[in-house]
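> Let me give you the structure first, and then I'll get to my questions.
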Amino acid sequence: MRLILLGAPGAGKGTQANFIKEKFGIPQISTGDMLRAAVKAGTPLGLEAKKIMDAGGLVRDDIIIGLVKERIAQDDCKNGFLFDGFPRTLPQAEALKDANVAIDYVVEIDVPDSEIVERITGRRVHPASGRVYHVVFNPPKTEGRDDETGEPLIQRDDDSEATVQKRLAVYHEQTEVLVGYYSQLAASGDDRAPKYVKIAGVGPVEEIRDRVFDALGATV
Ligand code: AP5
Ligand code: ZN
């Protein structure tokens with residue numbers, strides 16, 4: 001199974017990715033997580049990406065496409081993978097198509113902008129595993145600690161209210177176009193085109209998970 005999770009910042013891509021990767025036994029490829037790992041490691045890419053991410057902008061297409069191509073060539077991607085946060089621009093989607101990477105599903109998680117700021121400003125993450133929490137909507141068992149390891153949770157540097165607004169604007173300007181791009185591809189009649197599924201992303205996390213599994217033909 002190869003799929004793309006599409007949605008605004010804070011729509012719940014990372015949250016749902018954690019369910020999907022376990023259910024289907026496929027790796028999650030989050031370009032955001034890869035960039036944050038580069039920032040933490042202090043690599044030249046990390047140093048360049050940090051400024052862009054903290055400002056809510058997008059890292060250059062050629063850099064992202066290079067990262068993704070290298071990642072999907074690895075052994076654990078043989079039986080499929082889940083893209084979280086990629087593609088994010090038309091050139092990224094075209095590059096994927098040109099590379100003949102056959103995608104089974106594009107899953108759009110639809111959440112109105114009005115919900116996003118509260119979700120993102122209350123987010124806490126466990127960087128090592130990618131597990132995502134929310135202080136109100138999805139709290140950890142012990143405040144500030146990861147459920148499985150007990151390690152401290154952190155707040156992302158780009159999760160301030162001002163940066164969220166910028167990220168949302170960038171989403172509408174550069175990423176939302178992919179909703180039309182992939183729905184048209186799915187409707188084109190080409191049986192190699194990915195199926196397009198739109199999921200209402202407001203409601204309890206487990207309900208959204210069930211909607212996604214349902215759409216993918218999997219039971220909980
Ligand atoms: P990235 O890490 O991809 O961030 P994003 O797209 O802005 O998405 P988020 O991770 O903020 O949200 P999410 O949809 O995963 O939501 P989550 O599940 O965490 O990218 C970061 C940056 O890296 C970009 O700004 C860019 O600079 C760069 N970058 C990355 N990829 C790139 C690319 N391809 N090209 C160029 N640049 C790139 O949930 C959010 C919160 O809501 C959590 O607290 C969660 O607990 C809560 N929540 C989840 N579901 C629900 C629910 N149903 N109800 C209530 N709360 C919920
Ligand atoms: Zn995420």
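The values are calculated or read from the model by the stated rules, or taken from the named source; none is laboratory data. Since we're looking at a predicted model, the values are computed, not measured. Positions of Cβ are backbone-derived with ideal geometry, glycine not excepted, and every protein chain shown enters the neighbour counts. When the accessible area is computed, the model is the full protein with side chains, heavy atoms only, and any ligands, DNA or RNA have been set aside. Shrake-Rupley method; radii C 1.70, N 1.55, O 1.52, S 1.80 Å.
> Can you give me the long-range amide H partners of R88? Hydrogens built in the peptide plane at 1.01 Å from N, cutoff under 5 Å, separation of 5 or more residues or another chain.
A93
> Cα gyration tensor of segment 161-220, axes a ≥ b ≥ c as square roots of the eigenvalues: rounded (a/c below 1.5), prolate (a/b > b/c) or oblate?
It is oblate, given that a/c is not under 1.5 and a/b is not larger than b/c.
> Let me ask something else about it. Compute, for segment 169-220, the length of the dipole vector about the Cα centre, with Cβ point charges of +1 (Lys, Arg) and -1 (Asp, Glu) only. Units Debye, rounded to 20. Write down the numbers at each step before the final one.
Details: 5 positive and 8 negative charges, 19 e Å.
I would put it at about 100 debye.
> Here's something else I'd like to know. Can you list residues from other chains, or at least 5 along the same chain, whose modelled amide H is less than 5 Å from the amide H of E151?
D146
> Output the antiparallel fraction of DSSP beta bridges having both residues in the chain, as a percent to the nearest 5.
30 percent
> Moving on. Taking a ≥ b ≥ c as the square roots of the Cα gyration tensor eigenvalues, with a/c under 1.5 meaning rounded and otherwise prolate when a/b beats b/c, else oblate, which class fits the chain?
Taking the square roots of the gyration eigenvalues as a ≥ b ≥ c, the chain is rounded.
> If you roll a 1.4 Å probe over the heavy atoms of the protein chains, what accessible area per residue do you get for segment 139-189, in Å²?
Details: 3110 Å² over 51 residues.
Each residue of segment 139-189 exposes 61 Å² on average to a 1.4 Å probe.
> Nothing charged except the Cβ atoms of Lys and Arg (+1) and of Asp and Glu (-1): what's the magnitude of the dipole of the chain about its Cα centre? Round to the nearest 20 debye.
In debye, rounded to 20, the chain gives about 280.
> Between R2 and residues 5 or more places away or on another chain, which pairs have amide H atoms under 5 Å apart, with H built 1.01 Å from N, and which residues are they?
Placed amide hydrogens put F81, D104, Y105 under 5 Å from R2.
> With θ taken as phi - 60° and the coefficients 6.51, -1.76 and 1.60, list the Karplus ³J(HN,Hα) couplings across segment 141-147 in order, rounded to whole Hz; mark glycine and proline as x.
4, 10, 3, x, 10, 5, 4
> Considering the options T219, V107, G122, tell which one lies farthest towards the positive end of the dipole of segment 66-220, charges being +1 on Lys and Arg and -1 on Asp and Glu at the Cβ, about the Cα centre.
Positive-most Cα among the choices belongs to V107.
> Name the shape class, rounded, prolate or oblate, that the alpha-carbon gyration tensor gives for segment 101-173, where a ≥ b ≥ c are the square roots of its eigenvalues, rounded holds for a/c under 1.5, and otherwise prolate holds if a/b is larger than b/c and oblate otherwise.
Details: a/c = 2.09, a/b = 1.34, b/c = 1.56.
Cα axes put segment 101-173 in the oblate bin.
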